[in-house]
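A.B. asks: Below is the structure I would like to discuss, written out as structure tokens.
Here, each number is a calculation from the coordinates, and none is a lab measurement. Note that this is a predicted model, so its numbers are computed, not measured. Every residue, glycine as well, gets a Cβ built from its backbone with ideal geometry; the counts of neighbours run over all protein chains shown.
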Amino acid sequence: MDVLEQLQRVGGPQLPAARAVARTLGAAGFRTWLVGGSVRDLLLGRPVHDLDLVSAATPEQVEALFPRTLSVGKAFGVIRVLVEGADLEVATFRVERGSLDARHPEELELVETPEEDATRRDFTLNALYLDPLDGELRDPVGGRGDLEARVLRAVGDPRARFEEDALRLLRMARFLAHLQLEPAAGLLEAARAAAPGLGRISRERILEECDKIARGRDLGRAVEVLAGCGLLEQAFPHLALDPTTPPVRAAVAAASAIHDLLLPLLDLEPGAADRLARLEGACAGLPLARTRAAFLVEAWGRLEVLRAEHLQDPDAGDAAVLARLVRGDAGSAALELGRAWAVALGQGPEPWDEIAAWADSRELEPAALLRAGDLLERGVEPGPRLGALLRAAEDEQLRGALRQREDALAWLVERLERES
């Protein structure tokens, strides 16, 4: 299968729009190329997602050729084109010089060829160019060979690339881990030298990149790279991070399972008297969405109750209470984090596995046997009492005492008579 056939197979829903953009720009004299991650992933046989395009057309020329555009990024030679239901990033070939803030260039010059454009890119595997219409591949800096050799190499001088944009330090760790690559000679040394530049990157951008790391393959290796290059303490200076300690190892073990990097938890050992207050403080020190911070606190709180009351024998306690603790995303997160902590501390994970097995054997969120209307028909007024009765009925379901609607209605009648 040639590269064009492969693109047709895995190019995704954006591909027709990308080809339409390439045809329009081509008709105006601007040959257009897919570039970056989409070409890299295509050559690796991985799913292709965002299709970024680049050509010699200036932002003004792109705006003139398409009726619907967004100028976000125009100062950096990028226009977003809305076509055929897709939102595509269309950039102009450019070279960049210097760095204002470890993120943005001091100078930007628009150029006309992929070969010139490639010199500004971070790694050779992201400096591959593919014509989406005829399938020609341009490889100005040897990225395809590095992919085949499973090597991550910077374009040109690695320290210069990191000093231009310190966020590339985190991307380096992500690519090494997710793509199972080996660093080219001098890459890690350059990363260590450039590590202080992360202190100039916004917390939002750092957390965004860390989320990508957490959701990918081989999180453990990514953290080893970050720690070995001195990047953890630069990215999160308010935390005292030692990658050899159980808290860090536990967070690494748990993060991918619960879909959060959990860096706020790294200095919090379960059982600490002020654990929830410290967790809330750590969350406040990062640009976390309110819902995400609440999720972390909820998961940690459930973990503590599980440790204190249910860890030794899941069948000994109230089944309804345990079911509420382990169900949902927060419950799954608590179990995964508890198991990871046990492993990191050299303890056996078996008690956590028993709770997980108990959860798997139960219907944790059964369809309600009683509805609010059932209570209203029997004279229960809307308000806290109605909600408490519905919850009590669900508790009986979770304990296995109520299995049929008829049983639930009989339970309700008896409960109301007893309370009258």
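A.B. asks: When the residues of region 173-210 are narrowed to those that are within 24 Å of the chain's Cα centre (by Cα) and not in a helix (DSSP H, G or I), which ends up nearest to V155 (Cα to Cα)?
C.D. replies: Step by step, filter region 173-210, then rank; the result is P183.
A.B. asks: Continuing with the same structure: Condition check: in contact with a Ser or Thr (Cβ under 7 Å, 6 or more places away or on another chain), free of Cβ contacts under 8 Å to residues at least 60 places away in the same chain and at positive phi. Does G45 satisfy that? Explain how you work it out, then say what you get.
C.D. replies: Values: in contact with a Ser or Thr (Cβ under 7 Å, 6 or more places away or on another chain): no; free of Cβ contacts under 8 Å to residues at least 60 places away in the same chain: yes; at positive phi: yes.
No: the conditions fail for G45.
A.B. asks: Among the listed residues P349, P314, P366, identify the single one that is without any contact (Cβ under 8 Å) to a residue 12 or more places away in the chain and not basic (K, R).
C.D. replies: On the way: P314 fails: without any contact (Cβ under 8 Å) to a residue 12 or more places away in the chain; P366 fails: without any contact (Cβ under 8 Å) to a residue 12 or more places away in the chain.
Exactly one residue qualifies, and that residue is P349.
A.B. asks: Within region 321-383, which helices (runs of 4 or more DSSP H) (wholly inside it) include 2 or more residues that are touching a Phe, Trp or Tyr at 6+ places or on another chain (Cβ under 7 Å)? Steps first, please.
C.D. replies: Numbers: elements: 328-344, 350-360, 372-377.
Result: 328-344.
A.B. asks: Right, something else. Just checking, how many residues over region 15-63 are assigned to a loop (DSSP other than H, G, I, E, B), within 29 Å of the chain's Cα centre (by Cα) and closer than 18 Å to P114 by Cβ?
C.D. replies: 2
A.B. asks: Among residues belonging to region 149-163 that are more than 14 Å from N126 (Cβ to Cβ) and touching a strand residue (DSSP E or B) at 6+ places or on another chain (Cβ under 9 Å), point out the one that is surrounded by the fewest Cβ atoms within 10 Å (Cβ to Cβ).
C.D. replies: Going through region 149-163, the residues more than 14 Å from N126 (Cβ to Cβ) turn out to be 149-150, 157, 159-160, 162-163.
Next, only the ones that are touching a strand residue (DSSP E or B) at 6+ places or on another chain (Cβ under 9 Å) stay: 149-150, 160, 162.
Working: A149: 12, R150: 10, A160: 13, F162: 28.
Ranking the qualifying residues of region 149-163, first place goes to R150.
A.B. asks: Same structure again: Based on this model, can you work out whether A293 counts as touching an Asp or Glu at 6+ places or on another chain (Cβ under 6 Å), surrounded by 14 or more Cβ atoms within 10 Å (Cβ to Cβ) and either of a type in the set (K, R) or without any contact (Cβ under 8 Å) to a residue 40 or more places away in the chain (or both)?
C.D. replies: For A293, the condition - touching an Asp or Glu at 6+ places or on another chain (Cβ under 6 Å), surrounded by 14 or more Cβ atoms within 10 Å (Cβ to Cβ) and either of a type in the set (K, R) or without any contact (Cβ under 8 Å) to a residue 40 or more places away in the chain (or both) - is not met.
A.B. asks: Restricting the search to region 327-373, which residues are more than 24 Å from the chain's Cα centre (by Cα) and either surrounded by 20 or more Cβ atoms within 10 Å (Cβ to Cβ) or hydroxyl-bearing (S, T, Y) (or both)?
C.D. replies: Within region 327-373, A342, W352, I355, S361, L369, L370 meet the criteria.
A.B. asks: Would you mind stating whether A316 is of a type in the set (G, A, S) and part of a loop (DSSP other than H, G, I, E, B)? Please lay out each step first, then the result.
C.D. replies: Working: of a type in the set (G, A, S): yes; part of a loop (DSSP other than H, G, I, E, B): yes.
Here the answer is yes, as A316 does meet what is asked.
A.B. asks: Every residue in region 21-35 that is within 30 Å of F175 (Cβ to Cβ) and either of a type in the set (V, I, T) or buried (at least 22 other Cβ atoms within 10 Å of the Cβ) (or both), please.
C.D. replies: Residues satisfying the conditions are V21, A22, L25, T32, W33, L34, V35.
A.B. asks: Pick from D134, D50, D146: which is in contact (Cβ under 8 Å) with a residue 24 or more places away in the chain and buried (at least 17 other Cβ atoms within 10 Å of the Cβ)?
C.D. replies: Criteria check complete, one pass: D146.
A.B. asks: Also, quick follow-up: Scanning for something without any contact (Cβ under 8 Å) to a residue 12 or more places away in the chain and farther than 26 Å from S420 by Cβ, does region 331-339 turn up at least one residue?
C.D. replies: No.
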